[in-house]
Structures are given as C-alpha cells and as structure tokens.
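Undergrad: So that we are looking at the same thing, I have put the structure below in structure tokens.
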Amino acid sequence: MDLVTIGNSFALLAKVGIIIFLLVYVVFSFAVGKQVKIMTDTLEVGFESQIRAISFIHLVLSIAVLVIAIIIL
C-alpha cells in the first residue's frame, strides 16, 4: 500500500466516524427533548413553552448539522 491509499482510507474512516457521532448526537438531542417534555409536564414554573421551544430548536439544529455534514462529506 502506498501513502495515498492509506491517506484515503483514513479520510474515509474519519468521515464515517463523524457521521456516526452526529447520528448519536441527534439521538441525544431527541432524548433531551423527551426529558424536557416530561419535566415541563411535571413542574410548573411559568416558562415551559420557552424551554420546549429551545429543546425543539436544539433537535432541529442537530438534524440540520447532520444533513449538512452528509452533504459536505
């Protein structure tokens, strides 16, 4: 194997690793959204809608980053 092939293999491995990490992050942000929903159903503090909105924006942005990474990589 020459150095070009090793470099291409490493680049492919890095790209796949980044995509897998971002998939895990999307699952994490979905879990955060579920926890926020349970928390806001349980506790009444007066700004539940803002907390839910931030949680939803977090989920949407994490999905957007995943899609952009798939397109770019």
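Undergrad: From V32, V36, V24, V4, which residue is closer than 18 Å to I68 by Cβ and either out of contact with any Leu (no Cβ under 7 Å at 6 or more places or on another chain) or among the aromatic types (F, W, Y) (or both)?
TA: Values: V32 fails: closer than 18 Å to I68 by Cβ; V36 fails: closer than 18 Å to I68 by Cβ; V4 fails: closer than 18 Å to I68 by Cβ.
So the residue among V32, V36, V24, V4 that is closer than 18 Å to I68 by Cβ and either out of contact with any Leu (no Cβ under 7 Å at 6 or more places or on another chain) or among the aromatic types (F, W, Y) (or both) is V24.
Undergrad: Given the criteria without any contact (Cβ under 8 Å) to a residue 40 or more places away in the chain and small (G, A, S), does A69 qualify? Quick ask: steps written out before the conclusion?
TA: Details: without any contact (Cβ under 8 Å) to a residue 40 or more places away in the chain: no; small (G, A, S): yes.
Criteria not met by A69.
All of the numbers you see were taken from the coordinates with simple rules; none came from a lab. Note that the structure is a prediction, hence the values are computed from the model and not measured. Note that each Cβ is placed from the backbone with ideal geometry, even for glycine, and that neighbours are counted across all protein chains shown.
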